[in-house]
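Every read-out reported here was derived from the displayed coordinates using simple, explicitly stated rules and does not represent laboratory data. Worth saying up front: this structure is predicted, and the values here are computed from it rather than measured. Ideal geometry is used to build each Cβ from the backbone, glycine not excepted, and the neighbour counts take in all protein chains shown.
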Protein chains: 2
Amino acid sequence: MPPTRRPTIIDVAAAAGVSKSLVSLALRAEPGVSEATRARILHAAEDLGYRSNVWARNLVRGGENLIGVLITDLGNSYHTDVVLGLEEAAQEQGLSVMVAHGMRSTERLVAQLHRQLALGVAAVVVVSSWLPPDLLEASARAAPLVVVGRLPVAVPGLDTINNDDAAGTRLAVEHLVGLGHERIAHLGISNRPAAQQRRAAYATTMRDRGLAEHIVVVGPDDVTEGVATLLRATARADGTGPTAVFASNDLGASRVLDAAIDRGLGVPGDLAVVGYDNSTLARTVRPRLTSVDQPRADMGRLALRLVVERLEGRVEPRHEVVAPRLVVRGST
Amino acid sequence: MPPTRRPTIIDVAAAAGVSKSLVSLALRAEPGVSEATRARILHAAEDLGYRSNVWARNLVRGGENLIGVLITDLGNSYHTDVVLGLEEAAQEQGLSVMVAHGMRSTERLVAQLHRQLALGVAAVVVVSSWLPPDLLEASARAAPLVVVGRLPVAVPGLDTINNDDAAGTRLAVEHLVGLGHERIAHLGISNRPAAQQRRAAYATTMRDRGLAEHIVVVGPDDVTEGVATLLRATARADGTGPTAVFASNDLGASRVLDAAIDRGLGVPGDLAVVGYDNSTLARTVRPRLTSVDQPRADMGRLALRLVVERLEGRVEPRHEVVAPRLVVRGST
DNA sequence: ATGAAAGCGCTAACAA
DNA sequence: TTGTTAGCGCTTTCAT
């Protein structure tokens, strides 16, 4: 048995005794083919196990409709929510989306970016702050590139979408102030750009209000210690410890919650807690967490809009900033 | 300004003053091009913003290297773990993987499957039990198809990979028996095939051991009630309630954990709990959950192996079953 | 309603 | 080292 080449429309045409043009028309259900021949062609195709060659078809029709999306981590709902919004918008535009993820490894992420470019995506949307700026810059020359989320440094040639961390932080802090809190501490998790921005905005807001700052910064892996430090102060009866904590993300906030409850502090009675990101966690922990929400789906849709603009010829980069909002729940 | 057609190798060739063959060679870093011309070509390409047309390239080279993977839900670590293993194996084979997800919607999932086929994937791996069998069968005619996870009915023409639910259940129940438990209840969540299999295996195992069965089945949305029913029996002082619960998944098990602790029952002292799937949840709740682990990464790798076999011409379907193992933690 | 012929952009013989 | 020439499988005029 020969290595059985995959059948083409020519084979089908031969089998049905017609020209390949007719086959092409019939297979795509285009008008202009008599019922009889159409049936004969379809039957012959089925018979041979014919499958259209996508590459050839797209070569002719110009299959420029694939958008690559790169996210840090499949398990992170922040990223997947952005993807959802983007996919929704893409569907409306008749564009396809291809998602790749780095499984929390920069190396993997870089490989995936190259793979997508090699696969011929028309543009790439990066929802991750893990890619090195020089790579982004280089890639932006190969295809339109939109970065969603924090960008550590300005990179020429690409579009960006960010939430306004300063505004989000202000929302959180002023919510607490409005509730009568004056001793508001900040728990900063990690030194990533987002955390830094939020920390700075916290400091500014407190200063503007004439309130004293109380900042604890911890690495992502030793949140527990920082939380303990914070709460030791709170437990003091002399009334100098914080009555509220604003954490730079929901995970940190949930740790504060846990620790507070372990120490017999009531939330929000003895201690109010606000997080950032409005993640699943915020809707899961008890009490439910008040948290700053980034309009993730909107950011995804916006990303797609920028992509389309680029594809249509826009050349000067755009940097969009979206406004977060505060979701108030049981923890304040 | 005209609608600027995308540059081709011919444009690059003209700009560099060479033939298109040279451009093709230079761009692919093939040998046989002098350093000087190569540099000139690369520069011209960069200058024009040239990007290779994947469709044309694949038409010629026979781009049979893209594997589509379909998962129910980006947020489900069972699925993403399978994908991880698969991607690892794919990388070794020089195959590319394209992941699409259905965001917990059958309709979306179906659309994604069609999209992948239209995009020309060489084969599809479906990690989901949400696709209707007839669609699977039809798709299996369009491209090799491997289904990972439970398959409700036998579908001709496709390969399957499953964990041995009966064996896993036996592992769980006999672990409890070995710990001295005799009144072991089962909490079945949903009526999906996996849950059914586990329920049946529980019944068999208990019967084999001469122990009385105690089964509570609940829908995925009202687990709470079922758990309450179970625990009311446990709380009775007359010593007839269960001393252990085997739940058909980790979510159910974690609910049992929560409820037990709310009622002042010690785990594992008053009540031992075993889950299924060894999900993130099992490593998160307190006490940590003893759970049956499916070798997810292995299943992914196996899926890729089956795909490769199909691509190399295997025609008779294969149905692989992998052995789960029990991970013992604090809840028993 | 049907067929012939001209490409789509690229790779790969083969010549020069 | 370079250029010329066929295709890859399909869609799409344009004749018939």
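Structural remarks
- Relative to the longest principal axis of the Cα atoms of chain A, the long axis of helix A:35-48 lies at roughly 70 degrees.
- By the count of neighbouring beta-carbon atoms within 10 Å, fewest first, A:HIS181, A:HIS43 end up ordered A:HIS43, A:HIS181.
- Rounded D (µm²/s) - the range B:257-296, Kirkwood Rh over Cα pairs, Stokes-Einstein at 37 °C, 0.692 mPa s: 310 µm²/s
- A straight line joining the Cα centroids of the range A:206-256 and the range B:135-201 runs 47 Å.
- Rounded to 5, the percent of DSSP beta bridges in chain B classed as antiparallel: 10 percent
- Panel note: the C-alpha atoms of the range A:1-75, placed on their principal axes, show extents of 53, 38, 22 Å (largest first).
- Rounded to 5, the percent of DSSP beta bridges in the range B:223-332 classed as antiparallel: 35 percent
- One quarter of the convex hull surface built on the alpha carbon atoms of the range A:231-313 amounts to 6.6 nm², the projected area averaged over directions.
- Residue exposure sequence - A:HIS186, A:HIS79, A:HIS175 - by fewest surrounding Cβ within 10 Å: A:HIS175, A:HIS79, A:HIS186
- Cβ-based charge dipole, the range B:24-111, positive-most Cα from B:ALA111, B:ILE71, B:SER34: B:SER34
- For the protein assembly as shown, the spread of Cα positions along the three principal axes, ordered from largest to smallest, is 85, 73, 46 Å.
- Distances, shortest first, from the label point of A:ALA118 to those at the same position in the other copies read 2.7 nm; the point lies 7 Å along Cα to C-beta.
- Were the residues from A:HIS114 through A:ARG232 laid out at 0.36 nm apart, the gain over their Cα-Cα distance would be 37.6 nm.
- A DSSP coil position with no more than 15 other Cβ atoms inside 10 Å describes the following trypsin sites (Lys or Arg not before Pro) in the range B:74-133: B:ARG104.
- Estimated FRET transfer efficiency when R0 is 41 angstrom, pair A:ARG288-B:ALA200 (beta carbons, to 0.05): 0.60
- Semi-axis lengths, Å, the range A:194-249, gyration tensor of Cα atoms, sqrt of 5 times eigenvalues: 19, 18, 6
- Comparing A:GLY120, A:GLY32, A:GLY168 in a Gaussian network model of chain A where C-alpha atoms under 10 Å apart are linked, the largest mean-square fluctuation is found at A:GLY32.
- Label spacing, shortest first and in nm, from B:GLY264 to its equivalents in the remaining copies (7 angstrom along Cα→Cβ): 1.9
- Rg/Rh, computed from the Cα trace of the range A:9-52 with Rh as the Kirkwood radius, has the value 0.90.
- Alpha-carbon centroid distance for the pair the range B:61-115 / the range A:65-93, whole angstrom: 14 Å
- Nearest-first distances (nm) between copies at A:ARG288, label 7 Å from Cα via Cβ: 3.2
- Here chain A is assigned +1 on the Cβ of each Lys and Arg and -1 on the Cβ of each Asp and Glu. Its dipole about the Cα centre then comes out at about 480 debye.
- Ordering A:THR169, B:THR8, A:THR284 by the number of other Cβ atoms within 10 Å of each residue's own Cβ, fewest first, gives A:THR284, B:THR8, A:THR169.
- In chain A, the calculated helix contribution to ellipticity at 222 nm averages -14500 deg cm²/dmol per residue, counting -39,500 (n - 2.57) for every DSSP H run with n ≥ 4.
- Taken over the Cα atoms of chain B, the convex hull encloses 180 Å³ per residue.
- Helix B:296-311 vs. chain B, principal-axis angle (Cα, 0 to 90°, nearest 10): 40 degrees
- Remark on the range A:165-293: Rg and Dmax equal 12.9, 36 Å (Cα only).
- Between 0 and 90°, nearest 10: helix B:223-235 axis offset from chain B longest Cα axis: 30 degrees
- Positive-end residue of B:TYR50, B:GLN91, B:VAL227, charge dipole of the protein assembly as shown with Cβ unit charges: B:TYR50
- Whole-number D in µm² s⁻¹ for the range B:1-145, Kirkwood Cα-pair radius fed into Stokes-Einstein, 20 °C, 1.002 mPa s: 119 µm²/s
- R0 of 25 Å, Cβ-Cβ distance A:ALA323-A:ASP258: FRET efficiency to nearest 0.05: 0.25
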